[in-house]
Structure formats: structure tokens, C-alpha cells
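Participant: Input: one structure, supplied below.
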Amino acid sequence: MSQPTIESILQENRLFHPSAAFSQNAHIKSLDDYHRLYEKAKTDPQTFWAELAATELHWFQNWDTVLDWQPPFAKWFVNGKLNISYNCLDRHLTTWRRNKAALIWEGEPGDSRTLTYAQLHREVCQFANALKHLGVQKGDRVGIYMPMIPEAAIAMLACARIGAAHTVVFGGFSAEALRDRLIDGEAKVVVTADGGWRKDAIVPLKEQVDKALAKGSVPSIAATLVVKRTGQEIQMQGDRDHWWHELQAHVSANCPAEPMDSEDLLFILYTSGSTGKPKGVVHTTGGYNLYTHITTKWIFDLQDTDVYWCTADVGWITGHSYIVYGPLSNGATTVMYEGAPRASNPGCFWDVIEKHGVNIFYTAPTAIRAFIKMGDEHPKARDLSSLRLLGTVGEPINPESWIWYQQIIGGGRCPIVDTWWQTETGGIMITALPGAIPTKPGSATLPFPGILAEVIDLDGNAVGANEGGYLAVRHPWPGMMRTVYGDPDRFRRTYWEHIPPKDGQYTYFAGDGARRDEDGYFWVMGRVDDVINVAGHRLGTMEIESALVSHPAVAEAAVVGKPDELKGQDIVAFVTLEGTYSASDELLKELKQHVVKEIGAIARPGEIRFADALPKTRSGKIMRRLLRDLVSGVEISGDTSTLEDRSVLEKLREG
Ligand code: PRX
């Protein structure tokens with residue numbers, strides 16, 4: 001098994017067509033239909049999006065302008081009023097979907113729960129009233145630090161219902177990382193659980209919240225709301241902490257959805273960039289609702305009888321857009337799973353598919369590679385015949401894994417949608433539409449209608465077919481992030497100024513390298529900045545470096561990604577030590593643990609190498625590029641003439 005290299009992908013030209021039966025029943029049935037839609041959206045984007053907004057969503061009040069574009073700041077459906085929780089719940093209650101399964105939850109030690117639309121609506125209303133009871137008002141922010149249990153989705157929808165923005169923090173992040181995010185978002189309440197199950201162990205979430213809030217370090221926090229999940233003893237602070245089940249017994253189930261302005265803040269989600277601390281990506285209500293709704297409908301070809309399962313965690317954007325908001329807005333049945341692939345339960349995903357008759361399955365290449373390693377006998381021992389469509393997201397998929405997924409999981413009959421997008425884009429941007437666009441293993445294929453994606457050079461000019469370049473988007477789209485929370489300048493700098501604006505034309509710079517082939521298909525090669533992608537998790541090398549240098553033993557640190565068969569990339573850290581410290585196995589372990597404490601287990605370096613010095617330019621900048629080549633075992637490429645001391649590199653190479 002190997003990672004996609006430019007060479008392997010250049011040789012990949014197999015083409016897979018959807019079956020006639022699939023296309024006939026699909027929302028978008030042919031390549032011609034796709035091209036017609038794409039052209040329509042390109043020629044008149046405002047009419048294209050306005051028609052969809054009018055037919056697909058419920059509005060309390062119509063908008064008066066479709067798009068107000070003051071580059072790089074966009075407003076969609078200006079002055080329109082709606083509520084995404086209304087679109088995800090209430091509007092289905094007056095239809096036959098009232099008693100349809102909205103959420104099927106598969107919990108870790110065998111727990112399971114199904115909530116119909118009527119039941120989910122009731123729980124969301126109660127939760128919303130509990131938040132109000134704790135003082136949360138429209139315009140406030142609420143932190144959500146939860147395991148993968150229904151209450152995570154309920155809390156998100158409850159916030160949206162009363163107009164409070166949520167900021168979900170992945171349950172694998174440390175207390176320190178949680179604290180930073182709560183401070184930046186000035187959260188008023190944190191919703192958490194006593195614990196959650198992760199790979200056969202309990203993650204003590206409430207304990208982490210206690211650490212994050214210790215000594216009043218997040219002054220904005222007035223209360224916590226704690227869901228009982230794992231049942232172990234935890235400390236409850238009388239005036240601050242509240243059990244959800246206790247409040248639930250007293251709150252009403254009547255909570256009308258607050259009419260929200262289309263551009264009201266829906267959520268903040270923190271993501272890693274190449275510089276500084278994680279940025280709070282801001283998504284607003286109307287555009288995000290429309291974009292996640294229509295991408296879910298067309299890309300996953302949702303039909304009313306489908307059981308749909310996305311394996312992401314709600315702590316990431318994929319969980320927001322494609323477990324919660326997109327599927328529920330469509331009135332779909334969405335599966336939520338608390339577990340994760342692991343050697344101790346090598347059939348876990350396939351059991352869930354068999355048990356619930358999953359029809360549409362969306363996961364990450366890292367998970368696929370892990371399952372390949374565990375052996376074909378596990379999927380082969382389960383009945384996977386309910387599956388009709390497969391998806392992948394989060395990192396490039398190597399053609400070998402793609403073919404395994406297609407053959408062993410999809411039985412050769414299911415189209416695969418390889419979906420390229422980002423936290424910032426809100427929803428999927430480049431993907432096959434499964435009934436319309438033939439697929440090539442390893443390619444995300446073509447842009448979604450309304451997405452003017454291109455591969456360009458740094459002057460902003462499109463590069464030729466099969467030439468490498470930067471992935472970029474030319475025109476705003478409804479699901480795009482609106483700003484970096486509290487830092488509009490950072491938004492402008494990070495995404496809109498890499499490519500110099502020309503004649504008032506602004507170009508969105510995604511931070512990924514890509515190429516388009518002779519058919520216009522996109523092949524995404526990975527990040528071109530100091531962001532690494534470890535098992536589909538996005539991490540900033542600077543964040544890990546900051547964590548390392550906050551340890552007293554570390555003088556300097558440089559972190560790079562190293563190609564890894566299973567995880568896509570692994571983290572390698574080079575550190576120089578303060579004078580009084582010397583390299584040892586204990587220190588190595590301690591430093592790894594220190595990173596876990598500062599950020600979370602997902603950022604634990606696979607390797608730490610002690611060094612006497614790091615390669616630097618004469619002006620003192622660490623040349624990570626050289627370290628990247630070094631750990632990847634490739635010839636050091638590019639210019640090394642600016643290197644201050646060549647012997648440093650030689651020493652590192654020797655080991
Ligand atoms: O490098 C790209 C990679 O994941 C990055 C976005 O990460 P995040 O914001 O955490 O969102 C992940 C889930 C949407 C991108 O810049 N990426 C995502 N999907 C793909 C991908 N790389 C290649 N192919 C994909 N399908």
C-alpha cells in the first residue's frame with residue numbers, strides 16, 4: 001500500500017461509470033445534466049442559488065439581495081430570516097417524516113438508540129430551554145465538548161434554535177486546547193459529558209473541562225451542562241455544574257425556533273493553519289444551511305428510504321455538515337457511531353452497516369487503509385448488500401485503497417464520491433455527482449455546480465492540463481466561511497491575498513496543491529503550507545512546535561510531516577535542548593506526553609529527534625522544507641544556498 005505520489009496518480013486513468021440503474025434513479029442523472037447545471041450556475045450564480053434557496057429551505061422572511069460581495073466579505077440572502085433547526089426538524093413534523101428515524105445512534109459498549117424526528121425535536125426543544133435556563137441568550141456562544149452521543153447533535157441544534165452560536169471542540173483535544181478555544185470564543189456555557197468511550201477506554205471529559213476552567217481561567221463561562229454517559233464518579237461544582245437529566249425533568253418541551261438573520265453567526269469551528277494559534281472559522285445561517293442541504297442531497301443522492309452514515313466525529317466540520325445539518329435538513333435518517341476503527345474490533349464498521357442496513361457510507365481514507373490491514377475476512381463475513389453509494393473525505397485516497405473500497409465494501413456496484421473540501425468551505429466543493437460523473441480512482445473529479453474551482457500559479461493564472469499548481473476558487477459560494485472570529489484581517493491575509501487581487505477579482509486560496517488532467521478532473525496532492533494531515537486530522541506544525549518549546553527542556557523545535565502508509569502523514573519533531581538538559585529516552589517520552597497534554601493525543605509526535613542545531617537561513621528562519629525531504633527519505637530538493645551552516649544538515653542526515 002502506498003501514498004499517492006505524482007507518478008502513481010499520473011498513471012491512473014481507469015474510468016468507472018455509474019450503472020444505468022443508479023443513474024436513472026439519481027437526482028442528477030447524466031453528465032449532460034451536470035454540465036447544464038454547472039453552466040447555469042456559472043452564468044448566473046445568483047439566480048441558481050436563489051432558486052434553490054426558495055425551493056429547498058423554509059424562510060420566515062424572504063431575502064432582498066441574494067449576494068452582497070464586498071471582497072473578501074460575502075453576505076448571502078441579505079435580510080432573509082430562517083432557522084436551521086426549524087429546517088432540520090419542525091418542517092418535517094407536518095409530513096409523514098414525523099415518525100421517521102432521524103438519528104440512529106450506535107454506542108460503544110453495545111448501546112443503541114433511535115430518535116424519530118418528533119422525538120429529536122422534543123429533545124432539542126428541551127435542551128434549548130435548559131440552555132436558556134442557564135442564561136444563554138441569542139448571540140451568545142456555547143462550547144460543546146462531547147463524545148459521539150445523540151446529545152452532541154441535540155446540543156448543536158438547541159443552540160441554533162435559540163440563536164446561540166456553538167463552538168464544538170473535538171473530545172480528543174486536551175484541557176489546554178479546550179481552554180484556548182473557549183477563551184477565544186468567549187463561551188458562556190460548556191456542554192459536556194462525564195465521559196465518552198474511545199477505543200475501549202473512557203475519556204474523562206468533565207475532568208478535562210474542570211482543568212480547562214480551573215481558577216476562573218475562562219471568565220466568560222457561567223455554567224456547565226453535563227450529560228451522564230459513562231457513569232463514573234465526577235466532581236460537580238454546586239453553583240456552576242448542572243446535570244442534563246436533572247434539568248430535563250423540569251424544562252418545557254415547547255421552544256419555538258428563533259427567526260435568525262441569514263447572516264447571523266451559526267457556529268465557530270477552530271482549525272489549524274500554518275501560523276499561530278488555531279483560527280475560529282465563522283459560518284453563518286442561511287448560506288450554510290442551503291449549501292450543506294443541497295450538497296448532501298445531490299452528492300449522496302439522498303432518497304427518502306436511505307439510511308445514511310458518515311463516520312466522522314461531530315468535533316470536525318464533516319460531522320457538522322454531513323452528520324447533523326445536511327442530512328437532517330433533507331429529512332434523512334443519519335447514523336451516529338461512538339466507536340472508531342481498532343484492532344480489537346476489526347469488524348466494527350461492517351457490523352453497523354449490517355445491523356442498520358446502511359445504504360450510503362461516508363468515511364476517510366485512513367479508516368479504509370486501517371481496515372485493509374485488518375483483513376478482508378471481516379467485511380466478507382458481513383452482509384453489506386444494503387450499500388449503494390460510498391464516499392471518502394479528508395485526505396487524498398491512494399488508488400489501491402479506492403479499488404479495495406469499491407470491490408470489497410461496495411461489491412463493485414457502488415459509485416464512490418471522493419469529496420474535496422475544508423472546514424473553511426462549509427461543504428463539499430469538488431466531487432463526483434454519483435449518477436452523473438464517471439470516477440477515476442484517486443481523483444475528486446469535478447467541481448460542484450456554482451464552484452469555480454481552478455488550479456493556478458501564484459500570479460493567479462490557470463496552469464495547463466496536468467501541470468501542478470494551487471487549488472483556488474474564483475467566486476463566492478453560500479457555504480464559504482465569512483471571517484476568522486474576531487480577526488477579519490487574518491481572514492483576508494490567509495485566504496485572499498496569496499493570489500494578488502486583480503481588477504477587483506479576489507481568489508480564494510485553499511492551501512492545497514493540485515493538478516487537472518486532460519478531462520478537467522482534479523487531483524488533489526495535499527497541503528502546500530505548514531499544515532499536516534495525520535490520519536485525516538489537520539494539524540499546524542507551528543502549534544506542535546509551540547507545545548514543544550513550552551517544555552523547559554526544549555530550546556527550539558521544528559515539526560514536519562513524514563509519509564505514513566496508514567495515517568497518510570506522521571509527525572516528526574526535531575528539537576534542540578536547553579543547556580542543562582541532555583537527550584534520553586525518558587525525556588523523549590516526556591516530550592511526547594507534553595504535546596498530548598498541550599494539544600491532545602492526535603498531535604503526539606510519532607518520532608522526536610534530538611539535534612545539536614536546526615538548519616536555518618542566514619536570517620534565522622528554520623528551513624523545514626529540508627527537514628521534510630530528510631524524513632521522507634528523498635533527495636534534498638530546491639535551493640540550499642541560503643542555508644547558514646551546511647554541516648547542520650549533514651549531521652542530521654547522519655542521524
Ligand atoms: O488538504 C485537504 C484535505 O483536508 C484539508 C481540509 O481539512 P479540514 O479543514 O480538516 O477538513 C477535512 C474535511 C473536509 C484540505 O485542505 N482534504 C480534504 N478532503 C480531501 C483532501 N485532500 C484530498 N482529497 C480529498 N477528498
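The values are calculated or read from the model by the stated rules, or taken from the named source; none is laboratory data. The model shown is predicted, which means the values in this text are computed figures rather than measured ones. Please note: Cβ atoms are built from the backbone with ideal geometry, for glycine as well, and neighbour counts cover all protein chains shown.
Participant: Show the residue pairs meeting these rules: Cβ distance below 7 Å; 6+ apart or different chains; first residue within the stretch 433-446 and more than 16 Å from residue 26 (Cα to Cα) and part of a loop (DSSP other than H, G, I, E, B); second residue among the hydroxyl-bearing types (Ser, Thr, Tyr) and more than 12 Å from the ligand (Cβ to nearest atom).
Facilitator: Sorted first by the residue in the stretch 433-446, then by its partner, the pairs are 440/521; 443/521; 446/521.
Participant: Ok, one more. Taking the condition within 16 Å of the ligand (Cβ to nearest atom), in a helix (DSSP H, G or I), β-branched (Val, Ile, Thr) and out of contact with any Lys or Arg (no Cβ under 8 Å at 6 or more places or on another chain), does residue 397 pass? Outline the logic, then answer.
Facilitator: Working: within 16 Å of the ligand (Cβ to nearest atom): yes; in a helix (DSSP H, G or I): no; β-branched (Val, Ile, Thr): yes; out of contact with any Lys or Arg (no Cβ under 8 Å at 6 or more places or on another chain): yes.
No: the conditions fail for residue 397.
Participant: Here is a list: 311, 305. Which entry is crowded, with 21+ Cβ neighbours inside 10 Å and at pLDDT 95 or above?
Facilitator: On the way: 305 fails: crowded, with 21+ Cβ neighbours inside 10 Å.
Sole residue among the options that is crowded, with 21+ Cβ neighbours inside 10 Å and at pLDDT 95 or above: 311.
Participant: If residue 354 satisfies every condition in (1) outside any loop (DSSP other than H, G, I, E, B); (2) within 24 Å of residue 419 (Cβ to Cβ); (3) not basic (Lys, Arg) but one, which is the exception?
Facilitator: All conditions pass for residue 354, except number (2).
Participant: Are any residues in the stretch 633-655 among the hydroxyl-bearing types (Ser, Thr, Tyr) and either exposed (fewer than 10 other Cβ atoms within 10 Å of the Cβ) or farther than 13 Å from residue 614 by Cβ (or both), and if so, which ones?
Facilitator: Once the filter is applied, which keeps residues that are among the hydroxyl-bearing types (Ser, Thr, Tyr) and either exposed (fewer than 10 other Cβ atoms within 10 Å of the Cβ) or farther than 13 Å from residue 614 by Cβ (or both), the stretch 633-655 yields 637, 640, 641, 642.
Participant: With the requirement that a residue be within 12 Å of the ligand (Cβ to nearest atom) and not in a strand (DSSP E or B), what does the stretch 466-522 give you?
Facilitator: 479, 481, 495
Each row is one residue, and each column tells you yes or no for (1) touching a helix residue (DSSP H, G or I) at 6+ places or on another chain (Cβ under 9 Å); (2) modelled with pLDDT of 95 or more; (3) in a helix (DSSP H, G or I); (4) crowded, with 20+ Cβ neighbours inside 10 Å.
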{"position": "35", "(1), (2), (3), (4)": "no, yes, yes, no"}
{"position": "39", "(1), (2), (3), (4)": "no, yes, yes, no"}
{"position": "46", "(1), (2), (3), (4)": "no, yes, yes, no"}
{"position": "58", "(1), (2), (3), (4)": "yes, yes, no, no"}
{"position": "68", "(1), (2), (3), (4)": "no, yes, no, no"}
{"position": "85", "(1), (2), (3), (4)": "yes, yes, yes, yes"}
{"position": "89", "(1), (2), (3), (4)": "yes, yes, yes, yes"}
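Participant: Still on this structure, please answer the following. So, residue 555, is that one in contact (Cβ under 8 Å) with a residue 40 or more places away in the chain and either within 20 Å of the chain's Cα centre (by Cα) or more than 16 Å from the ligand (Cβ to nearest atom) (or both) or not?
Facilitator: Taking the combined requirement at face value, the residue does not satisfy it.
Participant: Then there's this: Tell me which residues, restricted to the stretch 402-432, are touching a residue at least 60 places away in the same chain (Cβ under 8 Å), surrounded by fewer than 24 Cβ atoms within 10 Å (Cβ to Cβ) and more than 21 Å from the chain's Cα centre (by Cα).
Facilitator: 406, 413
Participant: Considering only the stretch 315-331, state which residues are touching a residue at least 60 places away in the same chain (Cβ under 8 Å), of a type outside the set (Ser, Thr, Tyr) and buried (at least 24 other Cβ atoms within 10 Å of the Cβ).
Facilitator: Those that are touching a residue at least 60 places away in the same chain (Cβ under 8 Å), of a type outside the set (Ser, Thr, Tyr) and buried (at least 24 other Cβ atoms within 10 Å of the Cβ): 317, 320, 323, 324, 326, 328.
Participant: For the stretch 194-257, please list each of the strands (runs of 3 or more DSSP E) lying entirely inside it that holds at least 2 residues being within 29 Å of the chain's Cα centre (by Cα).
Facilitator: Details: elements: 196-198, 201-203, 223-227, 241-243.
Counting at least 2 such residues, we get 196-198, 201-203, 223-227.
Participant: Out of (1) assigned to a loop (DSSP other than H, G, I, E, B); (2) more than 15 Å from the ligand (Cβ to nearest atom); (3) crowded, with 18+ Cβ neighbours inside 10 Å, what's the single condition that is false for residue 454?
Facilitator: For residue 454, the exception is condition (1).
Participant: Could you say whether any residue in the stretch 285-293 is free of Cβ contacts under 8 Å to residues at least 60 places away in the same chain, more than 24 Å from residue 340 (Cβ to Cβ) and either over 15 Å from the mean Cα position of the chain (by Cα) or surrounded by fewer than 21 Cβ atoms within 10 Å (Cβ to Cβ) (or both)? Step through it out loud before you land on a result.
Facilitator: Looking only at the stretch 285-293, we keep the residues that are free of Cβ contacts under 8 Å to residues at least 60 places away in the same chain, and these are none.
No, every residue in the stretch 285-293 fails to be free of Cβ contacts under 8 Å to residues at least 60 places away in the same chain, more than 24 Å from residue 340 (Cβ to Cβ) and either over 15 Å from the mean Cα position of the chain (by Cα) or surrounded by fewer than 21 Cβ atoms within 10 Å (Cβ to Cβ) (or both).
Participant: Moving on. Could you please find all residues in the stretch 419-451 being within 13 Å of the ligand (Cβ to nearest atom), more than 29 Å from residue 484 (Cα to Cα) and of a type in the set (A, V, I, L, M, F, W, C)?
Facilitator: 432
Participant: Mind checking whether some residue in the stretch 384-392 is part of a loop (DSSP other than H, G, I, E, B), under 20 Å from the mean Cα position of the chain (by Cα) and more than 16 Å from the ligand (Cβ to nearest atom)?
Facilitator: no
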